[in-house]
1. Which of the residues spanning region 29-59 are under 24 Å from Phe121 (Cα atoms) and either part of a helix (DSSP H, G or I) or acidic (Asp, Glu) (or both)?
2. Just to confirm my filter: which strands (runs of 3 or more DSSP E) fall fully inside region 71-188 and include at least 2 residues that are within 17 Å of Val55 (Cβ to Cβ) and in contact (Cβ under 8 Å) with a residue 40 or more places away in the chain?
3. I'd like to verify a number: residues in region 42-58 that are of a type outside the set (A, V, I, L, M) and in contact with a helix residue (DSSP H, G or I) (Cβ under 6 Å, 6 or more places away or on another chain), how many?
4. Determine which single condition Tyr181 fails, assuming it passes every other condition in (1) touching an Asp or Glu at 6+ places or on another chain (Cβ under 7 Å); (2) closer than 16 Å to Thr28 by Cβ; (3) of a type outside the set (Val, Ile, Thr); (4) open to solvent by 50 Å² or more (accessible area, probe 1.4 Å).
5. Here are some residues: Leu47, Leu67, Leu56, Leu99. Which one is open to solvent by 50 Å² or more (accessible area, probe 1.4 Å) and in contact with a strand residue (DSSP E or B) (Cβ under 8 Å, 6 or more places away or on another chain)?
6. Quick one: is Tyr118 open to solvent by 20 Å² or more (accessible area, probe 1.4 Å), farther than 15 Å from Asp46 by Cα and of a type in the set (Phe, Trp, Tyr)?
7. Has region 138-148 got at least one residue that is surrounded by fewer than 17 Cβ atoms within 10 Å (Cβ to Cβ) and modelled with pLDDT under 95?
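The values are calculated or read from the model by the stated rules, or taken from the named source; none is laboratory data. The structure presented is a predicted model; accordingly, all values stated were derived computationally and were not measured. Note that we place each Cβ from the backbone using ideal geometry, even for glycine, and neighbour counts take in every protein chain shown. Ligands, DNA and RNA are excluded from the accessible area calculation, which covers all protein heavy atoms including side chains. Shrake-Rupley method; radii C 1.70, N 1.55, O 1.52, S 1.80 Å.
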Amino acid sequence: VESKELGYADSERQEQAILYLPSPERVTRWMLENIGIDHRQYSFVDLGCGKGRVVLGAAQYPFQSALGVDLSEALTEIARRNVEIFPASSRKCSNVRILTLDATKIDYPDTNLLLHFYHPFDADVTAAVLRNLEASLARNPRQVRITYLLYTSALPATREAFARFPWLRETRFVPSLLGQYDWLFYSN
């Protein structure tokens, strides 16, 4: 779904958003199983959560909390309904929330963080999100892991955005077999 069809109130943010495309479940599951963390020690945050598929995938692991954030009220309404109907018996995380919010303004949980991006916005917004994260870490130092699934063509601009933050280091790059999407992993 093109960003202009998602009902963004902020026209500038609409221009900076990348089209909505649901995350492939098996790709998300691979990431959650191969991130190399004790899920119980982290809160999960999906920036640009759309309809909530990744948040619900994360809720199947014992995170302290699973939070989805999206600027589109239309998408977050659907995500909230999806959280409501998702069987409690399938959850290992009981604290699951969806917020309609600009990702550059999120107040992060005070726990270790696993942040997930599925190329939700352009490099300028990504940098603004990372500045906000940096401020949160200055107030409360903690471990952060970032997983970023993106189009191969967006790799240079995204790496450049992350390079503006020397406290983050790229820990892993996983190219896709099909050559369209790649994973970037960062940590502080």
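1. Passing the criteria: Arg29, Trp30, Met31, Leu32, Asp46, Arg53, Val54, Val55, Leu56, Gly57, Ala58.
2. 96-100, 112-118, 144-151
3. Initially, region 42-58 is screened for residues of a type outside the set (A, V, I, L, M), giving 42-44, 46, 48-53, 57.
Of the ones still in play, those that are also in contact with a helix residue (DSSP H, G or I) (Cβ under 6 Å, 6 or more places away or on another chain) are 44, 46, 49-52, 57.
So the answer is 7.
4. (1)
5. Working: Leu47 fails: open to solvent by 50 Å² or more (accessible area, probe 1.4 Å); Leu67 fails: open to solvent by 50 Å² or more (accessible area, probe 1.4 Å); Leu56 fails: open to solvent by 50 Å² or more (accessible area, probe 1.4 Å).
After ruling out the rest, the residue left standing is Leu99.
6. Numbers: open to solvent by 20 Å² or more (accessible area, probe 1.4 Å): yes; farther than 15 Å from Asp46 by Cα: no; of a type in the set (Phe, Trp, Tyr): yes.
Considered against the rule, which asks whether it is open to solvent by 20 Å² or more (accessible area, probe 1.4 Å), farther than 15 Å from Asp46 by Cα and of a type in the set (Phe, Trp, Tyr), Tyr118 comes out as no.
7. Looking through region 138-148, none of the residues is surrounded by fewer than 17 Cβ atoms within 10 Å (Cβ to Cβ) and modelled with pLDDT under 95.
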